[in-house]
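Undergrad: Before I ask anything, here is the structure I am working with.
Read the figures in this text as sums done on the coordinates, not as results from a lab. All values derive from a computational prediction rather than experimental measurement. Positions of Cβ are backbone-derived with ideal geometry, glycine not excepted, and every protein chain shown enters the neighbour counts.
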Amino acid sequence: METIVDSLLAEPISRRNEGMETEPRMFETDVHVDRTLACKDCGSDFVFTADEQLFFSKKQFLNDPKCCKACSRARKGGTAKAFTETKTTCAVCEQVTSVPFLPRQGRPVLCRSCFEK
């Protein structure tokens, strides 16, 4: 009794791959042009570029963006977090310096010049 696996193995590879596509087909609707959309937050117009549309289609996103990039960044908190500068004295030269972290108790803090030595 011949199984499905045996029959597939007996076929040449070229016949097994018939009908299978190696790359996704481009349809007429896949031609992208720049479109102007209105931001739902600020109401300004922004351009949804052809490259962005291609990215959206490759990722299989179904909906167009609703917000401009500035509003999206503001909503997601895309701004870099500010470091907290702490003024302290260097453990070696005793010069007043500022460091971008909160020093821990019992650990020496060095200024930039002493740290580079």
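Undergrad: Could you give log10 I(q)/I(0) at q = 0.15, 0.21 Å⁻¹ for segment 55-117, computed by the Debye formula over C-alpha point scatterers of equal weight, without solvent?
TA: Log-scaled intensity ratios, in q order: -0.62, -0.89.
Undergrad: Separate question: Near the amide H of C42, under 5 Å away, which other amide H atoms are found, from residues 5 or more places off or on another chain, if H is placed in the peptide plane?
TA: Those qualifying (amide H under 5 Å, at least 5 residues apart or on another chain) are C68.
Undergrad: Right, here's the next one. Cross-link candidates for K58: which lysines have Cα within less than 20 Å, leaving aside residues fewer than 8 places away along the same chain?
TA: The qualifying lysines are K66, K69.
Undergrad: Given a Förster distance of 25 Å, report the FRET efficiency between A70 and D34 from their Cβ-Cβ distance, rounded to the nearest 0.05. Walk me through the numbers on the way to the answer.
TA: Working: r = 18 Å, r/R0 = 0.73.
Step by step, r from the Cβ atoms, then E = 0.85.
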